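Here, each number is a calculation from the coordinates, and none is a lab measurement. Just so it is clear, the model here is predicted, and its values are computed rather than measured. Don't worry about glycine lacking a Cβ; one is built from the backbone with ideal geometry, like all the others, and counts go over all protein chains shown.
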Amino acid sequence: MNGLPFSFENARLLYRAIYYSCHREDDMKKWYSENYNVDVNVYPSTQSYCVVNNTYEPQDTVIYRGDGSFFSLHLEANEIKWYQI
């Protein structure tokens, strides 16, 4: 997209806009982090997922699983935590 430089905040804005345009806002919080500096990556074939802090600073967030349940999480700088589904 021309004129929209990459940042984690802009990526989240685009993500939300896509769900909004499809009228699927209720589906957005599946495998989701409330903090745009933290990603959730799902690997269905291994029944696992990881939560990644993409910054050099500690981050706090709320993580939403695929079933909509959620939990609070603290990650240190560049930390990755693995979980089973």
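Annotations
- Selection of segment 42-85 for residues being assigned to a strand (DSSP E or B) and hydrophobic (A, V, I, L, M, F, W, C) yields VAL42, CYS50, VAL51, VAL52, VAL62, ILE63, PHE70, PHE71, LEU73, LEU75, ILE80, TRP82.
- Hits in segment 9-29 (condition: surrounded by 10 or more Cβ atoms within 10 Å (Cβ to Cβ), over 15 Å from the mean Cα position of the chain (by Cα) and assigned to a loop (DSSP other than H, G, I, E, B)): CYS22, ARG24
- Positions within segment 11-32 being of a type in the set (Phe, Trp, Tyr) and either in contact (Cβ under 8 Å) with a residue 12 or more places away in the chain or touching a Leu at 6+ places or on another chain (Cβ under 9 Å) (or both), in sequence order: TYR15, TRP31, TYR32
- Residues that are loosely packed, with under 14 Cβ neighbours inside 10 Å and closer than 19 Å to GLN84 by Cβ, drawn from segment 31-63: ASN41, TYR43, PRO44, SER45, THR46, GLN47, SER48, CYS50
- Residues of segment 1-10 that are within 20 Å of TYR32 (Cβ to Cβ) and either in contact (Cβ under 8 Å) with a residue 12 or more places away in the chain or among the hydroxyl-bearing types (Ser, Thr, Tyr) (or both): SER7, PHE8, GLU9.
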